[in-house]
1. Can you compute the helix-only [θ] at 222 nm over the chain? Use -39500 (n - 2.57) per DSSP H run of at least 4 residues, normalise by all residues, nearest 500 deg cm²/dmol.
2. Where in the range 90-110 does the amide nitrogen come within less than 20 Å of the point 7 Å from the Cα of Lys142, taken along Cα to Cβ?
3. Restricting to Cα atoms and excluding each atom paired with itself, what does the Kirkwood estimate give for the range 23-138 in Å?
4. Could you report the chain's accessible area per residue, 1.4 Å probe, as an integer in Å²?
5. Tally up the carbon and sulfur contribution to the accessible surface of the chain as a whole percent, 1.4 Å probe, everything protein left in place.
6. If I require 27 Å or longer along the helix axis, counting alpha carbons, and a Kyte-Doolittle average no lower than -0.5, what helices from the chain are left? Use full DSSP H segments.
7. Rounded to two decimals, what is Rg over Rh for the range 71-188 when you use alpha-carbon atoms and the Kirkwood radius?
8. Given H placed on each backbone N at 1.01 Å, which residues far from Gly79 in sequence or on other chains put an amide H within less than 5 Å of it?
Amino acid sequence: MQNKDKIEIAMSKGKLIKLLFFSILFLVASLWILLYQPEVSNPIFNNLIIKNTASVLGSLMGLGGIYFFTKKILDKKPGVIIDNMGIVDNSSGVSIGRIPWSDVMAVAERAVITQKFVTIYLKNPEDYINKETNSIKRKMLKMNFKESGSPVSISANGLKIPFIELKYNITQKFEEFQANEIKSSLNS
């Protein structure tokens, strides 16, 4: 559903299925390396400790991806909702739900290697991190905060929308909120 006051962005089942497929491949490749211990000419990568550690971590990442992407494929909720009150992020494994525009300081584009994110900079990011009851999610939010200055970064990778349109919609609604706040303070 989409109108002037509310924009709902669905999860892209096709993109999520592709990401699930790559998670399965990652898991299978990691388990293959762990079980068959193939030899390579590079002495660093042929080191048993490094090879086994990388395989175990790769298996955990593959399992995490399988869990997350399967969960999102079955989820009927929109990935992102943008409205006059704020933004609801349900697009990632560490989504924190509704964020009122009054808690937002800035919206910016951030790139990590080849992936782009819309980063929502919060006035009190620690409040959002501390509200998370799941310890793993809380650690991931802290890592996001340490890396980008915000626990909230939204990617278009699993959404039915191009990145540029996602960024535009979020920025537009935030700027509308700021303009209304300025008008309200001038009228007071």
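The values are calculated or read from the model by the stated rules, or taken from the named source; none is laboratory data. All of these numbers come straight from a predicted model, not from anything done at the bench. Glycine also receives a Cβ, built like all others from the backbone with ideal geometry; neighbour counts cover every protein chain displayed. These area figures cover heavy atoms from the full protein model, side chains too; ligands, DNA and RNA do not enter into them. Shrake-Rupley method; radii C 1.70, N 1.55, O 1.52, S 1.80 Å.
1. Values: 5 runs with 97 residues, N = 188.
Estimated from H runs of four or more residues: -17500 deg cm²/dmol.
2. 93-97
3. For the range 23-138, the Kirkwood estimate is 17.3 Å.
4. Computed with neighbouring chains in place, this is 62 Å² per residue.
5. Details: 7350 of 11650 Å².
Carbon plus sulfur share of accessible area: 63 percent.
6. Those that pass (Cα extent of 27 Å or more, hydropathy at least -0.5) are 13-36, 48-74.
7. 0.97
8. Ile9, Ala10, Met11
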